[in-house]
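In what follows, a structure is listed as structure tokens, so that the remarks can point back to it.
The values are calculated or read from the model by the stated rules, or taken from the named source; none is laboratory data. These numbers come from a predicted model, not from an experiment. Note: ideal-geometry Cβ built from the backbone for every residue, glycine included; neighbour counts use all protein chains shown.
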Amino acid sequence: MILTDTQILQSIHSGEIVIEPFDASALGTNSYDVHLSSHLAVYKDEVLDAKKHNEVMALEIPEDGFVLQPGTLYLGSTLEYTETHNSVPFLEGKSSVGRLGIDIHATAGKGDVGFCNYWTLEISCVHPVRVYAGMPIGQLIYFAINGDINNYYNKKANAKYIERSPKPMESMMWRNKF
């Protein structure tokens, strides 16, 4: 079951969902709009290695915007810090963003119960497009859970993305054992 605007607000008031900063005008019928922060990053190396820590180069979106180029993976982040303690958050791109040829995530659209952080976006585009800090970039949809949880994300010993940071986080695949 997807939470409605009323249920999202109830969960915010009870502390089961946290959105900072919260803007009531970003609340949709059954979603909450999130915005692009000014932080971007790109990988330094042309060839990435899943068993190594791949370093990134930080970029900032200036006031007059930043032109995304096809063929480049940009890591971005949401302006909003979020926490979810009673639902499963899904991040989807806004249709207006998709109509500009921008994808905001390659595979990581689902969060976990207990995720407490800014969202890292895996941004790509099909042709050059100028983006701006603060622009609506996606929407969070919350799914109700059924049953008890033994393993909240923010309490897992092997959770890789729990250090609170407004900047995009590079892949931590190298921390896995394989």
Query raised in the report: Residues in segment 17-48 that are more than 22 Å from Val113 (Cβ to Cβ) and exposed (fewer than 11 other Cβ atoms within 10 Å of the Cβ): how many?
Result: 7
Requested in this report: Report yes if some residue within segment 117-130 is surrounded by 12 or more Cβ atoms within 10 Å (Cβ to Cβ), in a helix (DSSP H, G or I) and not aliphatic (A, V, I, L, M); otherwise report no.
Outcome: no
Requested in this report: Might you check whether a residue that is part of a strand (DSSP E or B), touching a Phe, Trp or Tyr at 6+ places or on another chain (Cβ under 7 Å) and surrounded by fewer than 17 Cβ atoms within 10 Å (Cβ to Cβ) occurs anywhere in segment 135-152?
Outcome: yes
**Report entry** Check on Tyr142, more than 23 Å from Glu170 (Cα to Cα) and of a type in the set (Ser, Thr, Tyr)
**Finding:** yes
Query - Pair list, Cβ under 8 Å, 6 or more apart: segment 1-20 residue more than 15 Å from Phe143 (Cβ to Cβ), other residue of a type in the set (D, E, K, R) - result: Val18/Glu83; Ile19/Glu80; Glu20/Glu80
Query raised in the report: List pairs: first in segment 88-115 and surrounded by fewer than 18 Cβ atoms within 10 Å (Cβ to Cβ) and of a type in the set (Phe, Trp, Tyr), second assigned to a loop (DSSP other than H, G, I, E, B) and modelled with pLDDT under 95, Cβ under 9 Å, 6+ apart or cross-chain?
Result: Phe90/Gly109; Phe90/Gly111
Query raised in the report: Considering only residues of segment 19-34 that are in contact with a helix residue (DSSP H, G or I) (Cβ under 7 Å, 6 or more places away or on another chain) and part of a strand (DSSP E or B), which is farthest from Ile2 (Cα to Cα)?
Result: Ile19
Report task. Only one of these is in contact with a strand residue (DSSP E or B) (Cβ under 8 Å, 6 or more places away or on another chain), in a loop (DSSP other than H, G, I, E, B) and over 23 Å from Asn176 (Cα atoms): Pro62, Pro70. Name it. Result -> Pro70
